[in-house]
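Everything on this sheet refers to the single structure shown next.
Readers should treat all values here as calculations from the given coordinates under stated rules, not as data from a laboratory. Every value quoted in this text rests on a predicted model; they were computed, and no experiment measured them. In this analysis, Cβ positions are derived from the backbone assuming ideal geometry, glycine residues included, and neighbour counts consider all displayed protein chains.
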Amino acid sequence: MQVAPRARRDGVIAHSLDDETVVYETATGTAHRLDAAATKVWWMADGCHSVRELALEAGLNERVVWGALIRLQSAGLLLSAPGRWWRRRGAASFVAARGRYGASTILR
């Protein structure tokens, strides 16, 4: 099963500075600060690229992409959530990535 995540663009205002992005939800007034990995993934997540393709194009390890996707999904910044398989696969990869690459967070 190919997972092609798609970022939420409606109802948000995004501003990038250097390698980070702040995404502001207009309806709730919530602001999210995306780290460098989450920034790359969020801008590239168009629903047409698989996780592997996102990793290759962003120059990131696939586990880092999975971790960013989990954080983006938790923050409500993704439209597509392919289901239980995605969450299980992503969660396992995220745990592995945190240990190896350090934890990075999306702040609200």
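In this structure, the amide hydrogen of T30, modeled 1.01 Å from its nitrogen in the peptide plane, lies closer than 5 angstrom to those of E25, counting only residues at least 5 positions away or on a different chain. The 3J(HN,Hα) values that the Karplus relation (6.51, -1.76, 1.60; θ = phi - 60°) gives for the stretch 43-58 are, in residue order, 5, 8, 6, 10, x, 10, 10, 6, 4, 4, 5, 4, 4, 5, 5, 8 Hz. Gly and Pro appear as x.
Computed from backbone phi, the HN-Hα couplings of the stretch 11-22 come to x, 10, 10, 10, 9, 9, 9, 6, 10, 10, 9, 10 Hz, rounded to whole numbers (Karplus: 6.51 cos²θ - 1.76 cosθ + 1.60, θ = phi - 60°; Gly and Pro given as x). If the segment from R33 to L79 were pulled out straight at 0.36 nm per residue, it would be longer than the present Cα-Cα gap by 14.8 nm.
Please compute the length gained on full extension between W43 and S16, using 0.36 nm multiplied by the number of residues separating them and subtracting their Cα-Cα distance.
Computed gain between W43 and S16 is 8.7 nm.
Sorted ascending by nearby beta carbons within 10 Å, beginning with the fewest, E57, E62 become E57, E62.
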